[in-house]
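Worksheet: one structure, shown below.
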Amino acid sequence: AQSVAQPEDQVNVAEGNPLTVKCTYSVSGNPYLFWYVQYPNRGLQFLLKYITGDNLVKGSYGFEAEFNKSQTSFHLKKPSALVSDSALYFCAVRDMKGDSNYQLIWGAGTKLIIKP
Amino acid sequence: NAGVTQTPKFRILKIGQSMTLQCTQDMNHNYMYWYRQDPGMGLKLIYYSVGAGITDKGEVPNGYNVSRSTTEDFPLRLELAAPSQTSVYFCASSYDGRQGSPLHFGNGTRLTVT
């Protein structure tokens, strides 16, 4: 079955330290992978995506993600965390089933808390 | 640009009541979606549309209905509200779902059914 897993419900990082939010996936074929961020009482905002090409993808707000095909992972990273990065982060993968009409399969979300 | 606009922001319904959640987008996107978000559960797709006049069921369509008479509008109808429909509802749109175009989300409608 196609799925996305975010193994950590919450990640705590000190401001200025590097951060990683983990995502693993299980789909057939070549995956389209996405990261979105949700700030309190707001809708989700697109951060970045991987479709093909360079395994390191750069996105908004200084975030980047590394696609690892052998480990079926797409971890979100940032070299130096800011308090304003505190939010809920969602990983998603495009459903490759023929009848899905390319809908996204979503992870459960990871709450990122950056402490001053 | 307004992007995706949802109304209302909050609503409390009694069991058995009905309501329509409104969604409109001004980006001329073909694809539109309705999701519900429950704590710790991520997003669940209720219905989606690939263009005016075309709608299809998502993962959790029971208890909901949609229509898409124009490119801009994609209302979600709740008939006979139940406590299980207490959730935060998000409307989203994208230019092209097939090519992985990013989704643009509204700010959500928080619905409580008591």
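Read-outs throughout are calculated quantities, based only on the coordinates presented, and are distinct from any laboratory measurement. The model shown is predicted, which means the values in this text are computed figures rather than measured ones. Cβ sites come from the backbone with ideal geometry, for glycine too, and all protein chains shown count toward neighbours.
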For segment A:55-76 versus segment B:1-51, the gap between their alpha-carbon centres in whole angstrom: 29
Exceeding 25 Å between C-alpha atoms, which entries from my cross-link table qualify? They are A:K78/A:K111; A:K58/B:K44; A:K22/A:K58. A:K58/B:K44
In Hz, Karplus ³J(HN,Hα) per residue of segment A:64-80 (6.51, -1.76, 1.60; θ = phi - 60°; x = Gly, Pro): 9, 9, 10, 7, 10, 5, 5, 9, 6, 10, 8, 7, 8, 9, 8, x, 9
If packing is taken as the mean number of other Cβ atoms within 10 Å per residue, what is the order of B:9-20, A:13-24, highest first? A:13-24, B:9-20
Average the reciprocal distances over every distinct pair of alpha-carbons in the protein assembly as shown, invert the result, and give the Kirkwood radius in Å. 18.2
With B:Q85 itself left out, Lys, Arg at +1 and Asp, Glu at -1 over residues whose Cβ is under 13 Å from its Cβ give +4
So for segment B:4-113, using the alpha carbon gyration tensor with a ≥ b ≥ c as root eigenvalues (a/c under 1.5 gives rounded; past that, a/b versus b/c decides prolate or oblate), I'd call it prolate
Across A:12-19, the residue-averaged tally of Cβ atoms belonging to other chains within 10 Å stands at 0
quick note, segment B:4-113, DSSP beta bridge pairs, % antiparallel (nearest 5) is 90
In which sequence would A:Y36, B:Y95 go, from the one with the fewest C-beta neighbours within 10 Å to the one with the most? B:Y95, A:Y36
